[in-house]
Each structure stands twice: as C-alpha cells, then as structure tokens.
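Visitor: Could you have a look at this structure, given as structure tokens, before my questions?
The values are calculated or read from the model by the stated rules, or taken from the named source; none is laboratory data. No experiment lies behind these values; they were computed from the predicted model shown. Note: ideal-geometry Cβ built from the backbone for every residue, glycine included; neighbour counts use all protein chains shown.
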C-alpha cells in the first residue's frame, strides 16, 4: 500500500471518471461528515444505549454523544498523523500534502462519527440477541432458512456484526433508485471498516489476522467493498473467500474509540456513584507519573488541588488523559508506518504502547468488566434486549417465512417501505435482511414500544 493511493474522493454510486468536487468551501471529505451528522440513522443514536440504561436522572452517554466525542478525538489523531506524513514526504505532490495536512482529519472524524451507526438497540447485547435468534432456529424455520441461504449469507445473521451493518447502512440504497447509499467517499468508508472480511471468514482469531477478528461487510455488500479495495489499492489476503488488508486509516478510527470508551464509561460510572473518585484517580493518574511538564503528575495534582467539585476533577483528568493518549498513539502510528503499509500490523495501536502503559490499560479493562459492564442495571438491560429483539425477530421473520398467513400479512405491514419485502422464496436472504435492517435500526424506546404492542402487552391508542 502507498500513502498516495490510499485516499480518494470517489464516492459509492459515482462513475469512475467523475470530476472532483469544485466547492471551495466544503471539500468532499467535509461533506462526508455533514451527510452523516444530518442523517436520521445518526440522530437515532441519541436513544440507543452506550453502556448504562437510558434515560435516567443522571444524563450519561448514549451512542450519539459517544460518537460525537470519538469524532473529536479522531480529528485530533488525524491532524497529528496527517501533519507528520506531509512533513515526511515533502517532495510528493501539492495535492498529496494538502490531503494529509488538511483533509485526513476530516476523514477520520467522519469515520468516527459513523462507527456505531450500524449498532442495534440495547448496546452490544443487541448484536448478541440477533446472533442468538438465528443460531437457535428450530424446526420448519431452520429448515427453510438453512435450505435457501448460502453459508456466507447464513453467517451474516448468525454472526451479525454492527461494523458490517454500519457499512451496509452507509452504502446500501434500500428502496431508493439512486445507487450508493449515503454516497460517502471511499477514503471515509475504508476508515470505518475495522475488520475487512466477510462473515464466513470472520470471527476467526486463530488466523492471526486482525482483519478476521470479527467481520466488516455482509454478503450483499461484497461487491461494494471489492470496488473500494481495488480503487484504494488494498491487497486481498490469499487462502480466504474475502479478506483484505486493513486500511491504515482504520487504526486511527479504532484508536479514537478505544481512548474514549475506556475513560468515558468510567466517568459515567462515577457520576452514577458506581465508582468512587479515589478509584478513578487510582486508575488514571499513574499514566502521568513518568511524563514531563504539562503532562507530568506534579502539574496534574496541582490542578486537581484547585478544583472543588469531584465531577470537575474527573473531567479534568479525563481531558488530560485523552490528550496524552492522542499524543502517544499518533506517535505509535508513525513508528509502525512500515507495517501499516505492508498490511502486516496485526494489533491495535493501544498494544503498540510501552509495556507499562499496556499494563495500566489492562487494569482499566479488568476493572471495567468486573464493576461496570457486569453492573446490575447493565445486565438487566442486556436481558431485556435479548427478550425484546428476540421477540421482534421471531414475529417478523416468521411472517416472512409464511407471508400468506393472515397474521403475517398484518405484521409485514408494520415494516416501512424503505425495507423491501418481496415475499419471493428465492429472495429469502434479502427479505430476512430487510427485517434485520428494520429491527437493528430501531431506538431502544421504539423497540420496547413495538414489542409491547405486537405481543399484546399494551393496546395501541387510536391515532
């Protein structure tokens, strides 16, 4: 791979020789950011669970606020790395230097903004609920679905992945005639796909490839990703159906997310009185012990001594820690430039930090799993998500399998027209995919409301 070919303003749905965007104010990559932030799929993230149940008396992060903060951190990472790449290769074209100095930050910010846009309701348990439904199929439903779908198509559902769904949401046109979905640039889309492989090749940690840790595109979007990879020069891995080398920009998107959720989830836990101020400081202050000047532990402690409110103290340390991690991970990115361009770096940037920093992050991870991600209210919403998403899928998938049934006809009327239901047995994969598109796009509250209504728990009001 080469820095000169790893970016393109070509968009999904465009002809290959389309002229560049002439707008002097909003460049192609700024337009990506705008298209995402004004989309209904992005707005719906405001009512999708990040970790803690929504809404509550204390306003904690949801998927939307999390995504906005990740985009802010991603912009800083893109700016830092872009400046370093432009400075390292001064003899390359002016267009090259302009992209890396001024545009890479917009690409990473847009990718970060959209990184969770394919996640279903109820946090990561929503993904598990979809997977569980399709792996636990029984009797006639199992026979029909397994008989009609290819192995990769079946894995799209059994290994449902929010990352793959994000790529679909952004590139699929659903019931519109104009191809290309959101029509984002190839550069931004490539920076979103953390695991560039199909479902059949994915979820394979034994391969040693970071690309196959999960999956990045469904069977229906293989052609779209192939076109993107060929345009940007992303090599395909041999010995697999559809596995590609990770685009280097992905590491920055991933790093921004990794930075944010590790500290933000603990900040939320502190506001909810799940984690004490002392414990929060115990986890994060050690990162500053070997730093100098404004990142040094003495400076940080002096600033903390001048802050009265505990929440403000946590916010200050959060901000300092994010700044420190941006600096270190941008440096790690450039230190591993050779492996990034070879497609041989098989770990995320956090694991490229010093052994001491990695050990401190490991402590945060272990504490978060034990005290936050398994906290009672978090577990309760995960269970609720399993029941609600599983119940919705049971009703709607069975309706697709038996479309001639009178109750099925009524249920299928609830699915918006943008999700095409053909009722053609030969197109069962696409009909089921439309159901999953509908359910995964729901907000937490809408999913709860619809589940209650179609199961008769509540009777709808006449409107």
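Visitor: All but one of (1) at pLDDT below 95; (2) closer than 21 Å to residue 212 by Cα hold for residue 117, so report the exception by its number.
Guide: In the conditions (1) at pLDDT below 95; (2) closer than 21 Å to residue 212 by Cα, residue 117 misses (1) alone.
Visitor: Which of the residues that make up the stretch 178-209 are part of a helix (DSSP H, G or I) and more than 15 Å from the chain's Cα centre (by Cα)? Before you say what the answer is, go through the steps one by one.
Guide: Pass one, the stretch 178-209, residues part of a helix (DSSP H, G or I): 186-190, 205-207.
Matches in the stretch 178-209: 186, 187, 205, 206, 207.
Visitor: Further question: Kindly indicate which of 136, 176, 94 is out of contact with any helix residue (DSSP H, G or I) (no Cβ under 8 Å at 6 or more places or on another chain) and under 24 Å from residue 333 (Cβ atoms). It would help to see each step written out before you state the result.
Guide: Numbers: 136 fails: under 24 Å from residue 333 (Cβ atoms); 176 fails: under 24 Å from residue 333 (Cβ atoms).
94 is the lone residue from the list that is out of contact with any helix residue (DSSP H, G or I) (no Cβ under 8 Å at 6 or more places or on another chain) and under 24 Å from residue 333 (Cβ atoms).
Visitor: Out of the residues in the stretch 346-400 meeting the condition of being under 21 Å from the mean Cα position of the chain (by Cα) and in a loop (DSSP other than H, G, I, E, B), tell me which one is nearest to residue 120 (Cα to Cα).
Guide: Result: 373.
Visitor: Residues of the stretch 285-300 being surrounded by 12 or more Cβ atoms within 10 Å (Cβ to Cβ) and in contact with a helix residue (DSSP H, G or I) (Cβ under 8 Å, 6 or more places away or on another chain), which ones?
Guide: Residues satisfying the conditions are 285, 286, 287, 288, 289, 290, 291, 295, 296, 297, 299, 300.
Visitor: Right, another one. When the stretch 423-457 is examined, which residues are found to be under 21 Å from the mean Cα position of the chain (by Cα) and free of Cβ contacts under 8 Å to residues at least 12 places away in the same chain?
Guide: Those that are under 21 Å from the mean Cα position of the chain (by Cα) and free of Cβ contacts under 8 Å to residues at least 12 places away in the same chain: none in the stretch 423-457.
Visitor: Before we move on, is residue 130 in a helix (DSSP H, G or I), in contact (Cβ under 8 Å) with a residue 60 or more places away in the chain and more than 30 Å from residue 256 (Cβ to Cβ)?
Guide: Working: in a helix (DSSP H, G or I): yes; in contact (Cβ under 8 Å) with a residue 60 or more places away in the chain: yes; more than 30 Å from residue 256 (Cβ to Cβ): no.
No: the conditions fail for residue 130.
Visitor: Counting only residues that are assigned to a loop (DSSP other than H, G, I, E, B) and under 19 Å from the mean Cα position of the chain (by Cα), which one in the stretch 210-236 is farthest from residue 161 (Cα to Cα)?
Guide: The first filter runs over the stretch 210-236 and keeps only residues assigned to a loop (DSSP other than H, G, I, E, B), leaving 213-218, 233-235.
Of the ones still in play, those that are also under 19 Å from the mean Cα position of the chain (by Cα) are 213-218.
Numbers: 213: 11, 214: 7, 215: 7, 216: 8, 217: 9, 218: 9 Å.
Among residues in the stretch 210-236 that are assigned to a loop (DSSP other than H, G, I, E, B) and under 19 Å from the mean Cα position of the chain (by Cα), the one farthest from residue 161 (Cα to Cα) is 213.
Visitor: Out of (1) under 26 Å from residue 50 (Cβ atoms); (2) at pLDDT 95 or above; (3) within 18 Å of the chain's Cα centre (by Cα), what's the single condition that is false for residue 261?
Guide: (2)
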